[in-house]
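The values are calculated or read from the model by the stated rules, or taken from the named source; none is laboratory data. Note that the structure is predicted; figures quoted are calculated from it, not measured. Because the Cβ atoms are built from the backbone with ideal geometry, glycine has one as well, and the counts that use them run over all protein chains shown.
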Number of protein chains: 2
Amino acid sequence: DIGVAAGINILSAVGFLLVFAVVRIQPINDRVYFPKWYLKGTRSSPRHIGNVLSKFVNADVSTYLRFLNWMPAALKMPEPELIEHAGLDSAVYVRIYLLGLKIFVPITVLAFSVLVPVNWTSATLGDDEEGLSYDQIDKLSISNLGQGSKRFWVHIGMAYVFTFWTFYVLYHEYKVITTMRLHFLANQNRRPDQFTVLVRNIPADPDETVGEHVEHFFAVNHREHYLSHQVVYNANTLASLVEKKKGLQNWLVYYENQHAKNPEKELIIKTGLWGLWGEKVDALQHYKTTIEELCKQEDEERQKVISDPKAIMPAAFVSFNSQWGAAVCAQTQQTSNPTVWLTEWAPEPRDVYWPNLAIPFVELSVRRLIMAVALFFLTFFFMVPIALVQSVANLDDIERVLPFLKPIIERNGPRSVIQGFLPGIALKIFLIFLPTILMAMSKIEGHVSLSGLERRTASKYFLFIFVNVFLGSVVAGTAFQQLNSFIHQSTNKIPETIGESIPMKATFFITYIMVDGWAGIAAEVLRLKPLIMFHIKNTFLVRTEQDREQAMDPGSLEFGSTEPRIQLYFLLGLVYAVVTPIILPFIIVFFGLAYLVFRHQIINVYNQQYESGAQFWPGVHGRIVTALVISQILLIGLLSTQEAEQSTVALLPLPVLTIWFHYVCKGRFEPAYIKCPLQAGSKRILLISSPYITADDIHIVSNVKREQHLMFAGGHGEGHAATGKRPDAEPERVPQGRIRAPGLPQR
Amino acid sequence: DIGVAAGINILSAVGFLLVFAVVRIQPINDRVYFPKWYLKGTRSSPRHIGNVLSKFVNADVSTYLRFLNWMPAALKMPEPELIEHAGLDSAVYVRIYLLGLKIFVPITVLAFSVLVPVNWTSATLGDDEEGLSYDQIDKLSISNLGQGSKRFWVHIGMAYVFTFWTFYVLYHEYKVITTMRLHFLANQNRRPDQFTVLVRNIPADPDETVGEHVEHFFAVNHREHYLSHQVVYNANTLASLVEKKKGLQNWLVYYENQHAKNPEKELIIKTGLWGLWGEKVDALQHYKTTIEELCKQEDEERQKVISDPKAIMPAAFVSFNSQWGAAVCAQTQQTSNPTVWLTEWAPEPRDVYWPNLAIPFVELSVRRLIMAVALFFLTFFFMVPIALVQSVANLDDIERVLPFLKPIIERNGPRSVIQGFLPGIALKIFLIFLPTILMAMSKIEGHVSLSGLERRTASKYFLFIFVNVFLGSVVAGTAFQQLNSFIHQSTNKIPETIGESIPMKATFFITYIMVDGWAGIAAEVLRLKPLIMFHIKNTFLVRTEQDREQAMDPGSLEFGSTEPRIQLYFLLGLVYAVVTPIILPFIIVFFGLAYLVFRHQIINVYNQQYESGAQFWPGVHGRIVTALVISQILLIGLLSTQEAEQSTVALLPLPVLTIWFHYVCKGRFEPAYIKCPLQAGSKRILLISSPYITADDIHIVSNVKREQHLMFAGGHGEGHAATGKRPDAEPERVPQGRIRAPGLPQR
């Protein structure tokens, strides 16, 4: 069975890769496979040069011979350049795959040279092939040892070795990435959000507007460092006007192009619904006048919003004249009431999630309570449908329920296909809908940055994957009947029950890795959905150059939904490293392939919406540590069913040590991801042209439909923002000092 | 049984109180019962006035008639005056008892008007007195309801009412105490520790001494606020010299007094061991020369310590010229490496625990790991002896094992005495040794202030009391045999087992409350041990006035060991409020009596070693919330054994709501106990005569034997500390600002 499944999946993976290799060098697909370079402006359409045919199809034979070139090319770009090109978030993200290789390659070598021989030579399950339905794989697993075998001590020793190796790699990686982050932040040349603090829950003042209140408060409490502020306005009407104007301008460009091509032809359109009926007017004239009107409306609306106190949200972005001042304000408590004047580092302008800026303190805690309860129900009661599908995928059950299918199932071909694909795909379908729900839940929880939302979603998703994919497969898959008795089991029996099922599910998870991991990654690089969508849009909707830009869908990494899936592989690897080492090579292939593919994608395709400076790493680290603890507890459970009681005691220090390791790492590295050290805060501001204000005096983030509130420069902040500094600010008195952290050179 | 036990305990409590009332008005005991006033210098010994007899015995009859006067007197002092007199810590500590009254008086009224009638009129256990051995008390408890009775809904409703009432009182109290704390801190006139930050883990610098390094680091990174610093020195030899000199000076005073009384008599002493043999010398001359020699040695040693780089610890107290500057430094991270230059608010000079100032980061985390493991073993394996004693205290078991004792036990007198006293006393003896062990463990954990040590000890002790006193009594007491089966029970069965035993243990806990609570509190006010010790010392050891001062032992509240015991009463009250309300009046009497006694004690007796400004309140609040959650889970467990399945579902929201309530309170109030808001930091320093330095240039805290390190003004800090301010400091430019938190008037 497993051979056929492997064959199918390897074939489909190789197929995807081959198709990709051919399709990507066709000029017509250039914008699908290299959108990042277009967005950077360093690549222009190859369709403008050469003859007509070569605009669509690549006729250069030599390029076909080098069709696998993208692989070394993806690896060639050195890391500093990668950070420069794709941002630190992306560069660190692909390091997660590299971390997988670093952890599992040595573990695999050790496991195959020590554990596999030990398991294989224990002949317990050896030759009774008629008896129990153990697969051949089980001979290589821990199940091949008899009850109470002395050989379990080898496995216990290996569990310690694997744990300490994982500690070492994790610690080292955390250290490297922390250094990269600090280096990255230090090297960025005066990013405005490094001088800006987001202030929320500004209390209402009967005598002053929010703007005046903020001005007075910070002028008193941060007198030497306060520079300016920008109040957040709720300007939904204004936003829709701006959006409408943009659409009309695009049409105007289109008709101007038409006019330029064919100056004689009169461009007549109808003003009614979808241009199908209504009064006939001249297109150019019509759009010009409408845009002018809109501009006026916009100005009026802007005046209205500025003067309307109801449109002002109790939140503001406060800028300081030095990074030191901003660091102080972000890290300290402002008043004796900790529910007002809440300060934190401002997210990047692109990273702000505007709708959540104005949630009051009490509402926030109610929202979090409701979402915690909802997450519980979602996680634990979503299990029922998965378990149903899993038990349907059990062919023996199907045969029993639907005996007429027996002849079909019993034949080798369909049986292998169904067993190879069905369980993985059933899970996959469930998982597609999930990230959106979880992201919505995170939004309700009220986080103020997109990166924060993604991080919260990731941790929710990991919980879900662990309970439903991992535990759901292990427990419900082997014996759906066990589930009921499981609830009424003793506390110490639960790890035993799960642990006992672990070796039996190795085959299932190998299949899962091949379907979800190998074929999934290969499909990722092919970008089938964006490819089709681009060609549909290109054919039917693209009128102007701007439309073509928009038809291009570079996508992004989507940390919240992709990272927890990687974590599943870490979990599987750590759980099976001691139990069934045969699963490890499959995981290594996954990590290797994924590293290659995602490095290619972040270089050529993805366009990150924001840059958080690898703020997600503590979460990634924490989840790997969680997986390690889970693997240790399950190993204890498994061994205690094997009549090796002493082994349980011998393994107990492992989870304690792991949790301790987590706290050590947390204390040592996590502050670098939350706080900004004062020592680094020696940058002084030169001229702030705040990106929280655009030329239009109005900030609209890229995806305007999700917006509820908009922010633009308000009364008091304006004066300072315009001049860029207060009269008494000392722009270049940089107190560099004699003390400088090593390893942080200046550019 | 319970009647006799109550009688005995009430009698002993009343006896203690009567003895106290008589003993306290005897002049000879004045220093035992009013040491605080002596230490304050407002009371002089009454033995100096009147005739000889009245020096020792109070002959004034009228005072005997007013022998209960101390009770209203204890309540008379208004709270602001109490804070002024005894400190905020003490004033807030007695409010814990008041909080108990506030929570339980209304609950008792409700329980007796609703639950008791409901229980009493359910005649399930009614008249089969021959059958099961239920006490009369059980008729008033929930056990009197039959399986699956509809009346359980009344109890569920009451559980909600009690929970919400507790929420209300807890929230209100947290708010009041937070206001008191902020008020207290704002009113204190320029306390030096409000301008000082403790810096630990100062990294070694090859080119500079620690003092220079600190000076340079803060002059660069806090250039506008840095004032001075004091390095911590390890000066154990110096400390022992100073201590020795003190002892000799006391002898000198004694001999000078002797000489003054009787100038003719020659005072000859022997220089050998204990003055028993050796060379004979003139006493006055001998002590004078020895003290002079010691002074010289001290000077030499002091020079040696200052110049010896090995004596310098990598820790320092850094002072700022404004509270704002200190608040900023204490709350922010200094460098990108979060394991060096760790800053926190300096504890009060009296509050510093010197030996822990110099523990490196990694050692600290190893210490905490070891202590966590040790606490686990201490808590969970200490249970065995307790359970043994408990089962011995079970008279029926004793009868079975030792049948020859049957005639004695069966008689009413001894049976009552044993059942009334033994279980409580057995526990009590175990508990006496514990706080010292737990305090030692907290010290190993490496906290830097005495108040922090007390807080950590309290939370350890509470865990211990919960597991061993509460769970130990409930489970092992009823059925020692159950313990073994208990480990192998299902997760959801554990609350059921405990819950089921709860009603049966009501009698035991009533006895416990009377022994530990009533009689214990009455014994507390009598101060038997200090009374005896004082008279022994006064008779045999006191030679000079200084000796008499030292013979006086005012003691202190000892938060770490007393507060968790109060928490046990909260736990019992909350657990039994719904189950067996008859226990509530006993708890109310305890809280009332304890409030009275401790208010008297903090006014007249206790002398707190330090003042932390009620920093322990978040812990107190958290433990009451924990008790609430435990009571809810046990109620769910109890009801699910009564065939009232729906009730389990109806009660499940309660623990979720309680945990949420905890987080709301934490977010709302806890920062006030950890951080200092910048807005309040408007005090500017006038002149710092740091209490971290004494006149001797050396700081010795009161209990010198516990000291490992001593600190005194070092090289670079000295100059500033001497002048009190840097030349460029602006002493009185207080930027008060227009913004001021309401409710914080200035004095």
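Within this structure, residue B:186 passes the test of being outside any strand (DSSP E or B), within 14 Å of chain A (Cβ to nearest Cβ), small (Gly, Ala, Ser) and surrounded by 15 or more Cβ atoms within 10 Å (Cβ to Cβ).
Take the conditions buried (at least 17 other Cβ atoms within 10 Å of the Cβ) and not assigned by the TED database to the domain that holds residue B:559 and apply them to residue B:253. Does it pass? Before the answer, list the steps.
Numbers: buried (at least 17 other Cβ atoms within 10 Å of the Cβ): no; not assigned by the TED database to the domain that holds residue B:559: yes.
No; evaluated as a whole, the condition is false for this residue.
Do we have any residue at all in the stretch A:622-629 that's hydrophobic (A, V, I, L, M, F, W, C), within 14 Å of chain B (Cβ to nearest Cβ) and without any contact (Cβ under 8 Å) to a residue 40 or more places away in the chain? No; the residues of the stretch A:622-629 include none that is hydrophobic (A, V, I, L, M, F, W, C), within 14 Å of chain B (Cβ to nearest Cβ) and without any contact (Cβ under 8 Å) to a residue 40 or more places away in the chain. Taking the stretch B:1-50 and the helices (runs of 4 or more DSSP H) fully enclosed by it, the elements with 2 or more residues that are at pLDDT 80 or above and polar (S, T, N, Q) are at B:2-23.
Considering the stretch A:196-233, the residues that are over 21 Å from residue B:677 (Cα atoms) and in contact with a Leu (Cβ under 8 Å, 6 or more places away or on another chain) include one that is nearest to the other protein chains (Cβ to nearest Cβ), namely A:232.
Would you please name the residue that is farthest from the other protein chains (Cβ to nearest Cβ), looking only at residues in the stretch A:152-183 that are among the β-branched types (Val, Ile, Thr) and within 24 Å of residue A:581 (Cβ to Cβ)?
A:154
Residues in the stretch A:351-368 that are aliphatic (A, V, I, L, M) and crowded, with 17+ Cβ neighbours inside 10 Å were compared, and the one that is nearest to the other protein chains (Cβ to nearest Cβ) is A:364. Considered as a group, the residues in the stretch B:294-345 that are within 12 Å of chain A (Cβ to nearest Cβ) and β-branched (Val, Ile, Thr) include one that is nearest to residue B:204 (Cα to Cα), and that residue is B:340. May I ask you to list the residues in the stretch A:656-673 that are in contact (Cβ under 8 Å) with a residue 60 or more places away in the chain and β-branched (Val, Ile, Thr)? Within the stretch A:656-673, A:658 is the sole residue that qualifies. Residues that are small (Gly, Ala, Ser) and surrounded by 21 or more Cβ atoms within 10 Å (Cβ to Cβ) were ranked within the stretch B:212-249; the one that is nearest to residue B:330 (Cα to Cα) is B:228. Answer yes if at least one residue in the stretch B:316-332 is outside the structural domain of residue B:674 (by the TED database) and assigned to a loop (DSSP other than H, G, I, E, B), and no otherwise. Yes, because at least one residue in the stretch B:316-332 is outside the structural domain of residue B:674 (by the TED database) and assigned to a loop (DSSP other than H, G, I, E, B).
Would you tally the residues in the stretch B:596-634 being among the β-branched types (Val, Ile, Thr) and in contact with a Gly (Cβ under 6 Å, 6 or more places away or on another chain)?
So the count comes out to 0.
Does the stretch A:266-276 include one or more residues that are closer than 30 Å to residue A:232 by Cβ and touching a strand residue (DSSP E or B) at 6+ places or on another chain (Cβ under 8 Å)? No, because not a single residue in the stretch A:266-276 is closer than 30 Å to residue A:232 by Cβ and touching a strand residue (DSSP E or B) at 6+ places or on another chain (Cβ under 8 Å). Residues that are surrounded by fewer than 20 Cβ atoms within 10 Å (Cβ to Cβ) and of a type in the set (A, V, I, L, M) within the stretch A:634-663 comprise A:649, A:650, A:652, A:656, A:657, A:659, listed in sequence order.
For the stretch A:666-680, the candidate set comprises residues that are more than 7 Å from every other protein chain (Cβ to nearest Cβ) and touching a Lys or Arg at 6+ places or on another chain (Cβ under 9 Å); within that set, the residue that is farthest from residue A:169 (Cα to Cα) is A:673.
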